[in-house]
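Input: a single structure, listed below in structure tokens.
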Ligand code: C2O
Ligand code: CU
Ligand code: CU
């Protein structure tokens, strides 16, 4: 019998999922998708009064749509690739089947220009997530391809309004034209910051919210680079109240009367806002900068006060993670560091920055190239693992694992709360331990979410084997 690799089998599976294109029986049986994403290039007014050309979106008409689906229900989404280059779409934070994870070569072949691919998955967890490409990731995200994805809970907590906030920068000049997406000298350090801050592709948008009402603010930091503290700030004497409900899709064990959160690329925060009572009163979403806080969005009370209180909200239900068996856990070490000399990335249709600056366990990711590829570690399905993240560099790295959610255990630098997440901010020179049950089989991408770091070596994958 001819040898067939596990990867060929996997990609064969993905090809079957794309069968509706081929026609025949499969096409007739295929039902309509819940959503069509019509990936397009477009011009859009980001800076008031100017048009930014050659942006990319998941629709042809404007900013990426918010995708809403329900926990435990299958969602079908057709991706129509009108970008003129290859793409894959990844659903950040969703613990779904590996073949639907959207990582080029690792889980599927790139979707070439003009091709269509159907993603079909059943989200097991509720919360605020996001979606983005995983092929030529730096340029495609820089041009606009990031959207918010919401998985609704079965139970309604009782909000009057729900506002997704897609927070990110663009690198534009004063005329609204794109400038270089990154600078190599920055890629070797903290990454290249944007020049124009946006929320839902708008500069400091203002939202009308019901006076005295309860609003869920869903912050998703989909930026390439920026790590910052965000604060929801309103006048308490006017009736404003803020509570932090969830981080990275997962409800806090005890909701906190905190109005701020430190968020890195890929991370999310859900706040409950009790709006001031008087019409016209404003609440701001602030971001800390070296020169002080800056408002990136505002919320304006309208109408007569609904007179609600935060205590009326039902708690968010926790997501169903397997409980780690710490007593029988195995520890796996990961060293995030500089790259060995002489390593060069390989060319790929998914783009290469042409530099290698970073590595995991002294191995720099070669780029998104056809396999065979070696995993950084192989985990046994069902077993508990402690992952020890050691950062030998002077920069922060938001470390992200696909297909799994892990719990923070400890750090040598600070007290970490026992939060469940898919993206942990590992600070300069920090060693942190997290724990998970490897319960989702497949090859799962594992990388820094500062995309310049990801694309210059700080990436790899973990294999979970049955
Ligand atoms: Cu948002 Cu590979 O990740
Ligand atoms: Cu992801
Ligand atoms: Cu990094």
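What follows draws every value from the coordinates through simple rules; no lab data is involved. All figures in this text were calculated on a predicted structure; none of them were measured in a lab. FYI the Cβ positions are ideal-geometry reconstructions off the backbone, even for glycines, and counts take in every protein chain you see.
Points worth noting:
- Anisotropy class of the stretch 43-142 from Cα gyration tensor, a/c 1.5 cut: oblate
- Distance from the stretch 103-117 to the stretch 32-64 (C-alpha centre basis), Å: 20
- Packing, as the average of other Cβ atoms within 10 Å across residues, places the peptides 195-208, 133-146, 75-88 in the order 133-146, 75-88, 195-208, highest first.
- The peptide list 96-102, 372-378, 444-450, put in order of mean Cβ contacts within 10 Å with the highest first, becomes 444-450, 96-102, 372-378.
- Looking at the stretch 56-170 alone, DSSP beta bridges between its own residues are antiparallel in about 75 percent of cases.
- Gain upon complete extension [residue 116, residue 73; 0.36 nm per residue less C-alpha separation]: 13.2 nm
- Directionally averaged projected area (convex hull, Cα atoms, the stretch 362-412), nm²: 5.3
- Where a label projected 7 Å from the Cα of residue 428 along Cα→Cβ would reach, residues of the stretch 259-290 with amide N under 19 Å: 262-265, 288-290
- Gyration tensor verdict on the stretch 396-466 (Cα atoms; rounded if a/c is under 1.5, prolate if a/b is larger than b/c, oblate otherwise): oblate
- Over 13 Å [Cα-Cα, the stretch 119-183], rounded percent: 74
- If a spin label sat at a point 7 angstrom from the Cα of residue 338 along the line to its beta carbon, the backbone N atoms of the stretch 433-466 nearer than 16 Å would be those of 457-458.
- Shape of the stretch 269-321, Cα gyration tensor, a/c cut at 1.5: oblate
- Where both bridge residues fall in the stretch 270-413, DSSP classifies roughly 65% of the beta bridges as antiparallel.
- 18 Å reach of a label modelled at residue 186, 7 Å along Cα-to-Cβ, counting backbone N of the stretch 350-376: 353-358
- Gain on full stretching of the segment that runs from residue 238 to residue 279 - 0.36 nm per residue minus C-alpha separation: 13.7 nm
- Antiparallel content of DSSP bridges confined to the stretch 162-280, in %, to 5: 80
- Measuring nothing but how far apart in sequence close Cα pairs (under 8 Å, 6+ apart) lie, relative to its length, the stretch 407-466 scores a relative contact order of 29 percent.
- Directionally averaged projected area (convex hull, Cα atoms, the chain), nm²: 23.5
- Against the chain, whose longest principal axis is taken from its Cα atoms, helix 6-17 shows a tilt of about 60°.
- Counted residue by residue at 0.36 nm each, then reduced by the alpha carbon distance between them, the extension gain from residue 414 to residue 161 reaches 87.5 nm.
- Helix-derived mean residue ellipticity, 222 nm - over the chain, DSSP H n ≥ 4, -39500 (n - 2.57), to 500: -1500 deg cm²/dmol
- Kirkwood-Stokes translational diffusion coefficient of the stretch 253-370, alpha-carbon pairs, 20 °C, 1.002 mPa s, µm²/s: 105
- Take 402-413, 219-230 and order them by the average number of nearby Cβ atoms within 10 Å per residue, most first; the result is 219-230, 402-413.
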